[in-house]
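Following: one structure in structure tokens, then a few remarks.
The values are calculated or read from the model by the stated rules, or taken from the named source; none is laboratory data. Owing to the predicted nature of the structure, the values given are computational and were not obtained by experimental measurement. Cβ placement follows ideal geometry from the backbone for every residue including glycine, while neighbour counts extend to all protein chains displayed. Protein only, heavy atoms only, side chains kept; ligands, DNA and RNA dropped before computing areas. Shrake-Rupley method; radii C 1.70, N 1.55, O 1.52, S 1.80 Å.
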Amino acid sequence: MSMIDTLSHTAGARRELIAFRIGDQEFCVDIMQVREIRGWTACTPLPRTPSYMKGVINLRGAVLPIVDLGARLGLATTEPTARHVIMVVSVGGRTLGLLVEAVSDIINMSDDMVQPTPDVACDQVKTFVKGLFAIDGRMVSLISLDRVLPETEAEAA
Amino acid sequence: MDPFESIKQTFFQECDELLTDAEQGLLAMEAGDADGETINAVFRAVHSVKGGAGAFGLEDLIRFAHVFETVMDDLRSGKMELTDEVAKTLLRAFDVLADHVAAARDGGAVDEGRSAPILSEMKALIGGEGLDDDDLGGDEDFGFVPMTVAIEGDDAPAFDPPAMDEAPAAFEPMADLAPEPASGARAWRIGFAPKSEMYAKANESGLVLRELARLGEMDVKLDADALPPLDQLSAETAYLHWTVLLTTEADEATIREVFEFVEDDCVLTIEPVDGQAAPPPPSSDLSDDALAAASADAPLDIAALLARVSGEAPTAETAPEPEPVAASEPAADLDVAALIAKAQAPIAPAAPAPKAEPIAKVAPSAGSSQAITPTATIRVDLDRVDRLINAVGELVIQQAMLSQQVMESGLARSSNVALGLEDLELLTREIQDSVMAIRAQPVKSVFQRMPRLAREVADMTGKRVKLVMEGEGTEVDKTVIERLTDPITHMLRNAIDHGLEDPEGRIAAGKPAEGVVRLRALHRGGRIVIELQDDGRGINRPRVRGIAVERGLIAEDAVLSDEEIDNLIFQPGFSTAETISDISGRGVGMDVVRRSIQGLGGRITISSEPGKGSKFTMSLPLTLAVLDGMVVTAAEQTLVAPLSAIIESLTPRAEDVHFVGGKDAVIRIRETFVPLIDVGVALGFRETALPPGQGVAVLVESEGGGKAALLVEAIQGQRQVVIKSLEANYQQIDGIAAATILGDGRVALILDVDALVTTQHRRKPAPRAEKRMAG
């Protein structure tokens with residue numbers, strides 16, 4: 001799972017990404033951020049939270065918040081079924097679960113393959129999409145998870 | 001960590017214990033206990049502090065401790081008389097000594113303005129004799145410095161405590177060996193030579209000796225002459241004999257009783273020793289001095305024994321435990337290294353108890369102290385304990401889930417799997433209890449700061465106070481202990497500052513000039529109760545009432561019971577001190593105390609009798625990791641309400657529910673109206689409240705003392721739940737205190753009752769107007 005050192009002479013560091021689908025779009029995150037992938041289980045909803053917060057589940061004794069990533073990215077709200085999966089990721093010392101439709105691929109790529117996000121108006125896109133790249137004719141958006149959780153003060157207001 | 005640093009840390013930990021011992025002794029002295037052993041205990045403690053400080057070159061501390069020690073020495077030798085004044089000076093000097101220790105630990109220095117006067121006061125007491133600053137009391141008795149070298153060579157940081165304790169032993173062996181016997185006490189010489197049969201029956205000489213130590217002051221001498229060289233040693237033969245010199249009030253029959261179970265399997269001689277001076281044991285015809293020397297030599301004996309064993313042992317593993325010192329399990333198969341570690345390990349902290357514990361008297365000879373140390377302790381990093389506790393918490397949940405799943409799978413209750421799970425459950429509970437017990441600590445660590453506080457407050461207010469503490473050994477979770485200090489501190493200040501009258505006032509009221517404040521801890525009903533009682537003037541109800549009216553806390557014509565008036569002092573913004581004093585009027589009042597107690601899941605109440613005093617009673621959970629909760633259903637969600645906030649639950653009748661201004665529901669409970677809060681609506685889980693007459697109302701009391709009824713659909717029952725933080729992975733949520741995991745493995749939220757009640761008030765005009773409906 002480590003970076004592929006032998007290829008480090010190419011421009012840009014190589015890394016592995018996990019790609020997943022939400023709706024008809026494909027996204028990916030750095031594989032190092034992903035702790036595990038598990039099936040969907042019912043959440044305990046949290047009061048007074050944004051609609052993309054599905055609630056919390058019990059992950060071996062820890063309380064794990066679940067984010068509907070589709071809703072968070074400004075796509076449609078996900079109605080989870082047993083086929084949906086939760087990607088458990090660590091972000092800034094916290095562990096959280098991302099509800100996605102399915103994990104589609106593991107991509108091995110180098111940083112120079114990433115194209116900057118075109119200037120589109122949507123705020124969510126600017127916040128979360130770090131870049132785009134094409135692989136096998138598909139477009140995959142590289143996502144930053146740093147701001148997936150609602151911010152304590154600013155966003156609540 | 002740098003080994004030297006870690007030794008230093010151990011030293012400061014030791015210091016804390018030594019200082020506690022010293023303070024106890026000083027307090028006893030102040031109370032008129034001029035017993036030689038009490039004075040000795042203080043002397044030893046101060047001396048040990050000085051010895052340790054010498055090793056680390058803590059000059060200020062050494063200098064101060066040395067003067068202190070000299071005063072104690074004079075008291076001990078009878079050169080100086082223990083007067084009330086001396087005791088008070090010593091107590092104040094003790095506070096400065098503690099400051100010196102703290103300064104040495106944290107860096108920095110003690111304010112000379114504090115230290116110097118008390119230093120000269122003490123010097124005046126001893127007539128300034130022998131107190132050149134350079135003379136630090138004879139380095140020969142430090143005994144510590146050479147040990148330091150050994151430690152560095154060995155890279156084993158835990159070596160110093162015995163050395164520290166040996167120092168006073170070498171310096172002051174006499175008092176330990178020939179204590180002043182209490183009236184009616186006799187000296188007995190007991191010869192105890194176990195036969196191997198005794199060990200074969202699983203008796204232990206160590207336990208017998210420990211039992212013996214309970215009877216009085218004793219000195220144990222080991223006779224290991226029969227111990228053969230290793231190659232001839234039989235693991236199942238008893239080689240060790242002991243001679244015990246016991247000073248006790250007990251008669252021969254009582255002493256014999258100690259040996260009741262082993263009497264047939266040992267050679268036992270019990271004979272009275274004439275005279276009080278505790279003559280030497282028969283084995284050696286020693287004078288008192290020689291005896292003292294023998295005791296001081298005890299460590300050497302150990303070394304000799306070790307040398308004998310290890311020198312002749314081809315492999316350490318096969319070396320049987322000689323354990324001459326530890327006096328237990330002589331035929332066990334421990335290796336030499338373990339013994340060495342044992343002999344040198346920091347046992348001393350386990351047995352500081354210098355006073356009242358007769359066994360501690362023999363502590364100076366490292367070996368025998370080990371034999372009869374009541375309990376051995378180890379120091380463990382708190383993080384490790386917390387990790388263990390978390391893991392056990394998860395184990396409990398996992399076990400509950402597994403049980404539930406097995407039950408649901410339709411296996412018979414009598415099936416092996418189900419039976420095995422039952423055993424597992426018992427085991428899990430036991431593990432949980434044991435783990436919780438690891439974190440439990442006596443409240444002593446909090447209580448021990450209080451005498452000093454009481455002295456300081458008394459000094460500042462010109463009052464005379466005697467602080468009586470009880471139940472210091474009461475145990476409670478460490479996290480609770482940490483958060484107890486502030487409320488108790490505040491309440492104690494309050495009791496002295498506001499509760500007690502000044503001496504003139506007390507005399508005028510026909511009371512002794514010295515006020516008594518009692519601080520007491522006890523276990524009651526699975527909780528810890530802390531009581532703080534003063535014999536002061538009690539609560540001035542007309543004045544409290546007047547202030548409450550003045551501050552708009554109550555209506556002018558409100559009819560309040562005495563109890564309700566007393567409890568007004570817990571209202572925010574209430575402070576009765578006419579002049580805001582430096583001591584208790586720091587802009588906070590009893591409401592802060594109440595809030596911090598409630599933050600711990602506890603309650604505080606007051607009872608007061610005018611002219612006789614007041615009593616505050618705090619009741620707290622034993623741990624913060626679990627919570628007694630009531631599991632309820634609201635808006636189809638399972639929620640947990642902390643039991644500590646709940647007063648009662650009731651089924652509301654439709655005719656008791658009224659609406660104020662058309663949207664805020666109130667419910668009549670007996671003769672009062674309290675707000676009725678629909679939990680599902682308050683948390684935003686649904687828009688419309690339950691229609692009146694449906695569901696269950698849970699009457700709760702918020703931190704401000706305000707009451708409200710929480711309307712839920714159903715009560716599922718009471719349960720103890722393990723508290724899980726929401727903030728760890730998410731963030732705080734208004735109205736939710738924490739989360740927990742129920743038996744079915746699902747997360748349930750724990751209600752923050754206070755927030756629910758208060759936000760309800762504040763958010764009244766805000767968005768959710770629809771909730772007015774429904775009825």
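Annotations
- Verdict on B:Ile597 being more than 14 Å from chain A (Cβ to nearest Cβ), within 29 Å of B:Gln720 (Cβ to Cβ), of a type in the set (Val, Ile, Thr) and buried (at least 17 other Cβ atoms within 10 Å of the Cβ): yes
- Against the test of being of a type in the set (Val, Ile, Thr), closer than 23 Å to A:Arg15 by Cα and open to solvent by 20 Å² or more (accessible area, probe 1.4 Å), the options A:Ile86, A:Ile107, A:Ile37 yield a single qualifying residue, A:Ile37.
- Boolean, B:Ala548 is over 20 Å from the mean Cα position of the chain (by Cα) and surrounded by fewer than 17 Cβ atoms within 10 Å (Cβ to Cβ): no
- Boolean, B:Ala625 is in contact with a Lys or Arg (Cβ under 9 Å, 6 or more places away or on another chain) and not β-branched (Val, Ile, Thr): yes
- Residue pairs whose Cβ atoms lie under 7 Å apart, separated by 6 or more positions or on different chains, with the first residue in the stretch B:196-220 and under 16 Å from B:Thr237 (Cβ atoms) and the second of a type in the set (Phe, Trp, Tyr) and open to solvent by 40 Å² or more (accessible area, probe 1.4 Å), are B:Asn203/B:Phe261.
- Any hit, the stretch A:45-67, residues being more than 14 Å from chain B (Cβ to nearest Cβ), under 15 Å from A:Val91 (Cα atoms) and not polar (S, T, N, Q): no
- Checking A:Gly93, A:Gly70, A:Gly97 one by one, the residue that is within 14 Å of chain B (Cβ to nearest Cβ), buried (at least 17 other Cβ atoms within 10 Å of the Cβ) and at pLDDT 80 or above is A:Gly97 and no other.
- Qualifying positions in the stretch B:403-448 - open to solvent by 80 Å² or more (accessible area, probe 1.4 Å) and within 14 Å of chain A (Cβ to nearest Cβ): B:Gln405
- Checked against (1) within 14 Å of chain B (Cβ to nearest Cβ); (2) in a strand (DSSP E or B); (3) not small (Gly, Ala, Ser), A:Cys28 passes all but condition (1).
- The residue list B:Leu177, B:Leu222 contains one member that is modelled with pLDDT under 75, touching a strand residue (DSSP E or B) at 6+ places or on another chain (Cβ under 7 Å), open to solvent by 20 Å² or more (accessible area, probe 1.4 Å) and not β-branched (Val, Ile, Thr), which is B:Leu177.
- Matching residues in the stretch B:682-704 - criterion: being crowded, with 22+ Cβ neighbours inside 10 Å and not in a loop (DSSP other than H, G, I, E, B): B:Ala682, B:Ala697, B:Val698, B:Val700
- For the stretch B:637-656, the criterion of being under 30 Å from B:Gly505 (Cα atoms) and of a type in the set (Lys, Arg) is met by none of the residues.
- Selected residue (criterion: farthest from the other protein chains (Cβ to nearest Cβ)) from residues of the stretch B:707-755 that are part of a loop (DSSP other than H, G, I, E, B), touching a residue at least 60 places away in the same chain (Cβ under 8 Å) and out of contact with any strand residue (DSSP E or B) (no Cβ under 7 Å at 6 or more places or on another chain): B:Gly743
- Residue in the stretch B:14-22 that is over 24 Å from the mean Cα position of the chain (by Cα) and modelled with pLDDT under 85 present: no
- Where helices (runs of 4 or more DSSP H) fall entirely within the stretch B:25-136, those with at least 3 residues that are of a type outside the set (S, T, N, Q), in contact with a Leu (Cβ under 8 Å, 6 or more places away or on another chain) and open to solvent by less than 10 Å² (accessible area, probe 1.4 Å) are at B:36-56, B:59-76, B:84-106.
A quick yes/no check of all residues on (1) modelled with pLDDT of 90 or more; (2) within 21 Å of the chain's Cα centre (by Cα); (3) buried (at least 16 other Cβ atoms within 10 Å of the Cβ):
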site: B:Pro487; (1), (2), (3): no, yes, yes
site: B:Leu500; (1), (2), (3): no, no, yes
site: B:Pro503; (1), (2), (3): no, no, yes
site: B:Gly510; (1), (2), (3): no, no, no
site: B:Val517; (1), (2), (3): yes, yes, yes
site: B:His523; (1), (2), (3): no, yes, no
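- Applying a threshold of 9 Å to beta carbon distances and a minimum spacing of six or more residues, or different chains, the list of pairs starting in the stretch A:110-135 at a residue that is in a loop (DSSP other than H, G, I, E, B) and ending at one that is small (Gly, Ala, Ser) reads A:Val114/A:Gly12; A:Val114/A:Gly131; A:Pro116/A:Gly131; A:Thr117/A:Gly131; A:Thr117/A:Ser141; A:Cys122/A:Gly74.
Results for (1) open to solvent by 10 Å² or more (accessible area, probe 1.4 Å); (2) hydrophobic (A, V, I, L, M, F, W, C); (3) away from chain A (no Cβ under 14 Å), shown as yes or no for each residue.
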| position | (1), (2), (3) |
| --- | --- |
| B:Thr605 | yes, no, yes |
| B:Glu609 | yes, no, yes |
| B:Val640 | no, yes, no |
| B:Ile647 | yes, yes, yes |
| B:Ile677 | no, yes, no |
| B:Gly680 | no, no, no |
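- Count - residues of the stretch B:251-269 that are open to solvent by less than 20 Å² (accessible area, probe 1.4 Å) and more than 12 Å from B:Asn203 (Cβ to Cβ): 1
- Qualifying residue in the stretch B:621-636 (condition: of a type in the set (D, E, K, R), within 30 Å of B:Val559 (Cβ to Cβ) and open to solvent by 40 Å² or more (accessible area, probe 1.4 Å)): no
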